[in-house]
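K.L.:
Right, I'll just put the structure down here and ask away after.
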Amino acid sequence: MNDVINTLSSIRTGAAGLQNDKIDNNVLLRALAYAMQDHVLYNLGKKQEVKRNAGTNKVQWRGYKPLPVAADRHIITEGVNPDGMKVGARTVEGTVAVYGAYIEVTRQVESYNLDQLLVEYGPLIVNHASETLEYITRDAIEEDGGTYYVVDAGTASPDDSKIKATNILTLDVCRIVANTMKVARRRGHEKAGYSRYIVVTPVEGMQDLLDDEKLLQRAMVPGNTNKPVMDNGLESYDVYNLRFIEYNYPVITAKGTDIDGDGGGAETTATDVYHTYVFGENAYAVMNLASAGIEMKRFGFEAKPGDNLGQIASLGWITMGYGAQVLDPTACTIIHHAVSNPLPRPTDIYASQD
């Protein structure tokens, strides 16, 4: 990725303006492919091709249920034709949509600015595209994934308002969720060899796991490694039947949020609530970038409809068919939990759109 960014940043023109032959769309698309490798949820999703000219923006997945073993173990009586078994399928339908964004620069700004903005923003528009696709994937998981609330034992009708500051993420919580998938006959995630379930947690959740006494007990035994403790991280570390990955785009419900939106005070969060994901086999699907129709679009300072004097140049991206869909809520669970040490998250890292 750095090599691609360096290549893009080194492209300069002597005159003001963005020349069509100075930035190659293919370079930006390759940079996008590299950027997507850093996005956890996109990479963990099952890749789905988008069929063109199918007359619909719907995508359908079918999964067939296993056949039950009869109480009599299917013993056959001589001369009697047994009843045939019935098949069962689970059908899931998702939708793909068009997404895109662009920036504009006037000829005057480009001429007098210290930097050539459209060149400098080449890598940044790529990052914006990849981050947008990651958020779309996360939104789909949030909409249809299963839910587990970390609350005190015996709590009736658990929801975010019942989570206390002490209800943090632990190895035991992750094990309960993963083992629930296991007894429901859902295997581990394909990226973990189908034997382990993948836990995707924010930085704060990862730190609570690092402080979990059971992690220390498991890590500090002969034949195991204390590397995650030394590295202050658990990425790609296996313990029990779990594999942990840190995530930088978490969903956080702030303390005092009215979770049902009715203005009442009874259903407000008593602490910041964080979301951690646990995935098994075929948990959710995402559209394959190769078939999503992603293009980088640019206009230089040439005359064009609506801009007859060529005063505006633009650089942007568009995808003609991207989407994500939970395939199996049992294998895709969102853990709602508190954290021991909430970290302040800056709000000024993005360019203001006001």
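K.L.:
What ³J(HN,Hα) values, in whole Hz, does the Karplus curve 6.51 cos²θ - 1.76 cosθ + 1.60 give for the stretch 274-285 when θ = phi - 60°, with x put for Gly and Pro?
P.N.:
9, 10, 10, 10, 10, 10, x, 5, 6, 5, 7, 10
K.L.:
Extending each Cα 7 Å along its Cβ direction at Thr347 and Asp83, get the distance between those two points in nm, one decimal.
P.N.:
6.2
K.L.:
Hey, with R₀ at 30 Å, roughly what FRET efficiency would Thr95 and Thr268 work out to, going by the Cβ-Cβ distance, to 0.05? List each step's numbers first, then the result.
P.N.:
Working: r = 33 Å, r/R0 = 1.10.
Between Thr95 and Thr268 the formula returns 0.35.
K.L.:
Next question, about the same structure. Between His189 and residues 5 or more places away or on another chain, which pairs have amide H atoms under 5 Å apart, with H built 1.01 Å from N, and which residues are they?
P.N.:
Long-range HN contacts for His189: Tyr194, Arg196, Tyr197, Ile198, Glu281.
K.L.:
Assuming R0 = 45 Å, what is the FRET efficiency of Glu302 and Thr330, from their Cβ-Cβ distance, to the nearest 0.05?
P.N.:
0.25
K.L.:
Under a 5 Å amide H to amide H cut-off, with H placed in plane at 1.01 Å, what residues pair with Gln48 once short-range neighbours are removed?
P.N.:
Here the answer is Val286, Met287, Asn288, since their amide H atoms fall under 5 Å of that of Gln48.
K.L.:
What is the order of Tyr135, Tyr277, fewest Cβ neighbours within 10 Å to most? Present the calculation step by step, with values, prior to reporting the outcome.
P.N.:
Numbers: Tyr135 13, Tyr277 26.
Ordered from fewest to most neighbouring Cβ atoms within 10 Å, Tyr135, Tyr277 come out as Tyr135, Tyr277.
K.L.:
Right, here's the next one. Over all directions, the average projected area of the alpha-carbon convex hull for the stretch 279-354 comes to how many nm²?
P.N.:
Values: hull surface 39.2 nm².
Orientation-averaged projected area of the Cα hull: 9.8 nm².
K.L.:
Output ³J(HN,Hα) for the stretch 248-260: one whole-Hz value per residue in order, computed from phi by the Karplus curve 6.51 cos²θ - 1.76 cosθ + 1.60 with θ = phi - 60°, and x for Gly and Pro.
P.N.:
Coupling constants for the stretch 248-260: 9, 10, x, 8, 10, 9, 5, 4, x, 6, 7, 6, 9 Hz.
K.L.:
Using amide H atoms built 1.01 Å from N in the peptide plane, name the residues 5+ places from Tyr247, or on other chains, whose amide H lies under 5 Å from its own.
P.N.:
Counting only residues 5 or more places away or on other chains, the set is Thr201, Val203.
K.L.:
With label points built 7 Å along Cα→Cβ from the Cα atoms of Thr132 and Asn179, find their separation and express it in nm.
P.N.:
Going from the Thr132 label point to the Asn179 one covers 4.5 nm.
K.L.:
Here are some pairs, Lys65/Lys162; Lys58/Lys255; Lys65/Lys182; Lys162/Lys214; Lys164/Lys191; which of them have Cα atoms lying more than 27 Å apart in this structure?
P.N.:
Lys65/Lys162; Lys58/Lys255; Lys164/Lys191
Each value in this text was obtained by applying a stated rule to the coordinates, not by laboratory testing. On a predicted model such as this, the values are computed, not experimentally measured, just so you know. FYI the Cβ positions are ideal-geometry reconstructions off the backbone, even for glycines, and counts take in every protein chain you see.
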